[in-house]
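Take a look at the structure below.
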Amino acid sequence: MASHRLERINAQIQRELSLIISQKAKDRRLHNTTFGITDVKATQDLKVAKVYISVIGSQEEKEGIIDALNNAKGFLRSSLGRVLKTHTTPELIFKIDESVEYGIHIDQILSELENDKK
């Protein structure tokens with residue numbers, strides 16, 4: 001179970017990364033695709049933070065976003081280090097969060113079943 005402090009840090013990382021990406025990142029792929037940060041899970045020692053990304057688009061677009069984020073990892077981490085009030089800035093690991101697309105898929109199936117009943 002994550003401590004209250006770690007939960008606050010995870011939320012701050014999520015908020016700050018979203019701002020940094022939307023306002024300062026230069027890679028076009030980060031501005032031409034619909035994506036969002038759905039969750040952040042940092043380790044207790046704050047050495048690593050897994051950043052979960054939801055991308056609405058094709059597999060190619062998902063890979064492009066992850067590639068763009070990995071290319072900007074140094075910039076993102078240093079920018080994050082300026083605003084975090086911690087001794088260390090975690091290394092960022094970006095992962096695709098499939099739960100949003102899975103939820104949309106389930107909604108579509110339920111809608112189809114509902115329509116079949118009528």
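Label the chain by shape, choosing from rounded, prolate and oblate, from the square roots a ≥ b ≥ c of the eigenvalues of the Cα gyration tensor; if a/c is under 1.5 it is rounded, and otherwise prolate applies when a/b is larger than b/c, oblate when it is not. The shape class here is oblate.
In this structure the stretch 1-114 gives 63 Å² per residue of accessible area when probed at 1.4 Å with all protein chains present. The DSSP beta bridges internal to the stretch 1-114 are antiparallel in roughly 55% of cases. For Lys24, the lysines whose Cα comes closer than 30 Å to its Cα, not counting residues fewer than 8 places off in the same chain, are Lys41, Lys47, Lys50, Lys62, Lys73, Lys85, Lys95. Against the chain, whose longest principal axis is taken from its Cα atoms, helix 59-71 shows a tilt of about 10°.
For the stretch 65-118, state which GluC sites (Glu not before Pro) are in a DSSP loop and have at most 16 other beta carbons lying within 10 Å of their beta carbon. Intermediate results must be reported in sequence, preceding the final value.
Numbers: sites: Glu91, Glu98, Glu101, Glu112, Glu114; in loops: Glu98.
Counting only loop positions with at most 16 other Cβ atoms within 10 Å, the GluC sites (Glu not before Pro) in the stretch 65-118 are Glu98.
In loop segments of the stretch 28-66 as defined by DSSP, the trypsin sites (Lys or Arg not before Pro) with at most 12 further C-beta atoms inside 10 Å of their C-beta are Arg28, Lys47. With axes computed from alpha carbons, what is the tilt in degrees of helix 4-24 against the longest principal axis of the chain, rounded to the nearest 10 within 0 to 90? Helix 4-24 sits at roughly 80 degrees to that axis.
At 1.4 Å probe size, with the rest of the protein present, what percent of the exposed accessible area of the chain is carbon and sulfur atoms?
Its accessible area is 51 percent carbon and sulfur atoms.
From the square roots a ≥ b ≥ c of the eigenvalues of the alpha-carbon gyration tensor of the stretch 1-48, which class results: rounded (a/c under 1.5), prolate (a/b over b/c), or oblate? Note, shape of the stretch 1-48 comes out prolate.
If you average the sequence gap of Cα pairs under 8 Å that are 6 or more apart and divide by the length of the stretch 1-114, what percent do you get for the contact order? After rounding, I find 27 percent.
The values are calculated or read from the model by the stated rules, or taken from the named source; none is laboratory data. These figures come from a predicted structure and were not determined experimentally. Note that we place each Cβ from the backbone using ideal geometry, even for glycine, and neighbour counts take in every protein chain shown. Areas reflect the complete protein model, heavy atoms only, side chains present, ligands, DNA and RNA absent. Shrake-Rupley method; radii C 1.70, N 1.55, O 1.52, S 1.80 Å.
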